[in-house]
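Below: one structure, written as C-alpha cells.
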Amino acid sequence: MPSKCNIKRTGGNIMSQEHLKENVKITSGNKVAAWSARYARVQVISAYPITPQTTIVEKLSDFVDSDNWNCEYVRVESEHSVMGFLVGASFAGTRTFSATSGQGLFYMNEMLHWAPPSRLPIVLGIANRGVAPGWNIWADHQDVVASRDTGWLVLFASSHQDIFDSIIQAYRIAEDPKVFLPVMVCLEGFQLTHTNEPVYFPDQSLVDEFLLDLPKNGWPHTFLDPDRPITFGSLQIPGGEKATPSSMYFEFRAKIDQAQNNAKSVIKKSAKEFKKIFGRDVGGLIKKYKCEDAESVLICQGNIARQAKIAVDRMRADGYKVGCVKLRAYKPFPSEEFREMANNGIEGFGVMERSMAFSLNGGATVVDLKSTLYDMDKRPYIVPFVAGVGGRDITVDDQYDCLKRVTNVVKNKERDVNAEYVNFHGRYP
C-alpha cells in the first residue's frame, strides 16, 4: 500500500495538509483502478486481458504475487469465463472484481445478465473503447451503452482521482441491502487509462471505515448452506393468476427495477458519507458546475465533463449564463435531478456523448433525457451532440461552440433540433 501516516480527522473531515504529499502518487488510471480493488480488500479476481484494460489486471497480478494480500487471482480463457467465475465467487459470498473493454464486454454479455437477477454485488471496471469494426481501441462509450439494460448500475469517472473514489464507492453501493446489484465503473481508454495524474491514496483504515463489513456467511440471500437448501437460476414458467415459486420470472425482473430506483438514494448517501470521511465531493448521481443561475447547461460523461468547466468559464466571461453537468450515474438515470433543474429555470440542455443511438437522433443519454422531460408542463429545449466517437478529439473550443449553440436554440425557440456531429468529416445526412 502507499506509505501510511498518522492521519488526524476532525469531525470526520479531510486529512491534515501536512500529510497530504506523503500519500500522493503520480500514476496511470489503470493502476489507480487496480489500487482501488486492493484498498477494497477484494477477495476474488478473475482476469482476461484486453486493450486498453490490460494493465489493470497486470497490476492486480503483481499485487497478488508479491504482496501479503489474501486474494484469489484466477486466469481464465475468455471474458465469458471471467464473469462466469465472478458470478460463482459472488454466490459464495466473496467480494469480487475484474475489468474489461469493448469487444471483451460483448463476449461477456451473456453472463452479465446473470448477476443482476441473482442480486450479486460484483464490481467491474470498464476501460471504454470503440466498437469493431473498424478496429478501434480509443475512448468511446458505445461498449457500455450496449449493456445499458442488463440491470447493472453504471458510474462514469472523469479523472484519475474519480476512478479511485468511484470504485471504492461502487462496493458501498452494490453491497447495500437495498440495492444488491453489480456496478460498472467506466474509465475511458487511453485518455484516462494510460495517462498519469497525481492521485491521493488514503490510509487503509479510512477505506475500511467507509465500506460495509462482509457477512461471515456470505450475502444473506445467496449463502450456501446444506441446512438451507435453495436453488439459483432455476426454470421459471410464465405463471397464471397466482404466483408460485416456479413462476416468479416477471417479479424477479421488477425487483431489479426497484433496486435500481433504490440505488438513487444509496448513491447520494454514499457520496455524502464519502465526503465526510475523505473530504472530497464526488457528486451523487450528477455533479453541477455553475448551474445556480444558468439558463443553459451542457451535460457530459467521463473526462470531457471535467474539461467542460473551462468552456463554461469562458462563456461566462463572455456574458452567457451557462453551466455544465457531470453525469456521474448513467444507471440509475438521474431523472429527478434533471426535472428539478428544469423546474428551477434551466431552459436549454445540451447533451454531448461519445456514442450513438442509431435512428434516434443522438446518443442514448439524450434519449433518456427526452423521456425524462417530455411530460413537463414547460418542456426545456434539448440539443444532442455526438462527439469524440472512436477517440476523436473534443476541445474546449468545441464545447464552447456547443454551449453557444444551446443558448441560440433557447433564444430562437427551436424545437426538434437535429443531432450535431462535432468534428465530423463526412456528410450527414
Single residue of region 82-101 satisfying the filter (more than 19 Å from A34 (Cβ to Cβ) and free of Cβ contacts under 8 Å to residues at least 60 places away in the same chain) that is farthest from the chain's Cα centre (by Cα): G88
Any hit, region 298-311, residues being among the charged types (D, E, K, R) and free of Cβ contacts under 8 Å to residues at least 40 places away in the same chain: yes
Criterion violated by K8 - all others in (1) more than 29 Å from P215 (Cβ to Cβ); (2) assigned by TED's automatic domain parsing to the domain that holds A127; (3) modelled with pLDDT under 95; (4) among the charged types (D, E, K, R) satisfied: (2)
Selection count where residues are outside any loop (DSSP other than H, G, I, E, B) and not hydroxyl-bearing (S, T, Y), scope region 377-398: 11
Residues located in region 124-154, provided they are within 28 Å of F250 (Cβ to Cβ) and in contact (Cβ under 8 Å) with a residue 24 or more places away in the chain: L124, V144, V145, A146, S147, R148, T150, G151, W152, L153, V154
Helices (runs of 4 or more DSSP H) wholly inside region 130-217 that include at least 1 residues being over 19 Å from the mean Cα position of the chain (by Cα) and more than 17 Å from R306 (Cα to Cα): 204-210
Any hit, region 335-353, residues being in contact with a Cys (Cβ under 6 Å, 6 or more places away or on another chain) and under 21 Å from E295 (Cα atoms): yes
Members of region 23-57 found to be part of a loop (DSSP other than H, G, I, E, B) and either surrounded by 21 or more Cβ atoms within 10 Å (Cβ to Cβ) or among the hydrophobic types (A, V, I, L, M, F, W, C) (or both), listed by number: A40, V42, Y48, I50, P52, Q53
Test: E79 is acidic (D, E), more than 19 Å from V282 (Cβ to Cβ) and buried (at least 24 other Cβ atoms within 10 Å of the Cβ): yes
Residues being part of a loop (DSSP other than H, G, I, E, B) and in contact with a Phe, Trp or Tyr (Cβ under 9 Å, 6 or more places away or on another chain) - total across region 86-107: 3
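Each row is one residue, and each column tells you yes or no for (1) crowded, with 24+ Cβ neighbours inside 10 Å; (2) charged (D, E, K, R); (3) under 21 Å from S158 (Cα atoms).
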| residue | (1), (2), (3) |
| --- | --- |
| S66 | no, no, no |
| R95 | no, yes, no |
| G134 | no, no, no |
| W138 | no, no, yes |
Residues of region 204-244 that turn out to be surrounded by 10 or more Cβ atoms within 10 Å (Cβ to Cβ) and closer than 15 Å to F180 by Cα, as a count: 10
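The values are calculated or read from the model by the stated rules, or taken from the named source; none is laboratory data. Quick caveat: nothing in here was measured; it's all calculated off a predicted structure. Note that each Cβ is placed from the backbone with ideal geometry, even for glycine, and that neighbours are counted across all protein chains shown.
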